[in-house]
Amino acid sequence: MLAGIEAGGTKFVLAVGPSPGRIIARHTIPTRTPETTLTEAAEWLAGQGGGLTALGIGSFGPVELDRRSPKWGFITNTPKPGWADCDIAGWLGQTLGVPVGFDTDVNAAALAEHVAAGGGEGGLAYLTIGTGIGGGLVVDGKPVHGIAHPEMGHLYPRRHADDRHFPGICPVHGDCLEGLASGPAIAARWGASLSELPADHPAHAIIAETIAQACHTLFASLAVGEVVLGGGVSNTPGLVERIAARALELDAGYFPGGARHAIIRPRLGSDSGITGALMLAEAALGA
C-alpha cells in the first residue's frame with residue numbers, strides 16, 4: 001500500500017492506495033504548526049489498515065532535494081510561519097517506518113500530468129496559480145532539478161500597460177509573477193478574487209497578460225510541449241483560454257513548435273498533486 005501527501009501551505013491532502021491510479025482512501029487536514037500537522041497526518045496514514053510500503057511527499061517550498069545534503073527532505077527558508085527548517089520527509093519516514101520519495105508539490109503535479117498525457121511531446125511544465133505561484137518541470141519522464149528546484153513563480157514578467165504602479169506583494173521580490181498574479185495579489189489590488197470580478201473588469205486582461213508572459217518564457221526557454229495551469233485562480237471562467245490566446249500572440253509565429261505548444265487545464269483536475277505524490281512513493285520503492 002502506497003501513501004501520499006500533497007503538502008500545501010493551506011492544507012495537506014493525504015491518500016493511500018495500491019497504485020497511483022487507484023486511491024482507496026483520502027483525507028484533508030488544515031496546515032497548522034509542523035508538530036500538529038505532521039502528527040495528525042502520520043496518525044491518519046498509520047490508521048489506514050497498516051501495511052504501508054512507501055510514502056511520497058510533494059511539498060510546498062523551498063525544499064532541499066539534494067540527496068547528498070544532510071538536510072535532504074527539509075522545507076528550508078519558507079516564509080510560512082513556523083515551517084522553516086522543518087524535516088518533513090525525515091520525520092514522517094521515521095515515524096511510519098517506510099522509504100520516502102520527496103519533491104516539490106508542483107514537480108509532483110507535473111509528473112502526474114506528464115503520465116496522464118501519455119508521455120507528452122517535448123516535456124511539460126505545471127504552473128499553479130493560487131495562494132502562491134509555483135512551477136514544476138518534467139522532461140524525459142523525470143522531474144527536473146538543477147542545483148535546486150525551479151522557482152517559476154519568481155520570474156519577472158513584463159508589466160501590462162495598465163498595471164504599472166502596483167508594487168506587488170511578494171515579500172522578497174515585490175512585483176515578480178507571484179507578487180502580481182497570485183490570489184492574494186489580486187485581492188490586494190482589487191478587493192476580490194478574479195472570479196468574483198465582472199467579466200469586463202480590467203483585472204482579467206491584466207492577469208491573463210501576466211501569466212501569458214510566464215508561459216511565453218517557458219516555451220522560449222525550455223521548448224516544452226505543454227504548460228498546464230492549475231490552482232484556484234486558473235479556475236476563473238475563460239482565463240486559461242484568454243492566456244493561451246495571448247501567449248500565441250506573443251509568439252508572433254516565431255517559435256519552432258508554433259501551434260503545437262499548448263496551454264491547458266490539468267487533465268487530472270484537483271488530483272494532479274496527490275497522484276504525483278503517490279508516484280513519488282512508488283519510485284521510492286525502487287530507489
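The values are calculated or read from the model by the stated rules, or taken from the named source; none is laboratory data. The model shown is predicted, which means the values in this text are computed figures rather than measured ones. All Cβ positions, glycine included, derive from the backbone under ideal geometry; neighbour counts span all protein chains shown.
Annotations
For (1) under 21 Å from residue 8 (Cβ atoms); (2) outside any helix (DSSP H, G or I); (3) over 15 Å from the mean Cα position of the chain (by Cα), each residue gets a yes or a no:
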residue	(1), (2), (3)
111	yes, no, no
126	yes, yes, no
147	no, yes, yes
156	no, yes, yes
185	yes, no, yes
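- Qualifying residue in region 193-204 (condition: outside any helix (DSSP H, G or I) and under 20 Å from the mean Cα position of the chain (by Cα)): yes
- Any chance residue 237 is surrounded by fewer than 17 Cβ atoms within 10 Å (Cβ to Cβ) and touching a residue at least 40 places away in the same chain (Cβ under 8 Å): yes
- Qualifying residue in region 82-97 (condition: farther than 24 Å from residue 145 by Cβ, modelled with pLDDT of 95 or more and hydrophobic (A, V, I, L, M, F, W, C)): yes
- Residue count, region 216-275 (criterion: part of a helix (DSSP H, G or I) and either basic (Lys, Arg) or closer than 25 Å to residue 200 by Cβ (or both)): 17
- Among residues of region 47-62, those that are under 20 Å from the mean Cα position of the chain (by Cα) and either modelled with pLDDT of 95 or more or loosely packed, with under 13 Cβ neighbours inside 10 Å (or both), counted: 5
- Elements of type strands (runs of 3 or more DSSP E) contained in region 1-46, each with 2 or more residues being surrounded by fewer than 15 Cβ atoms within 10 Å (Cβ to Cβ) and either outside the structural domain of residue 93 (by TED's automatic domain parsing) or touching a residue at least 12 places away in the same chain (Cβ under 8 Å) (or both): 25-30
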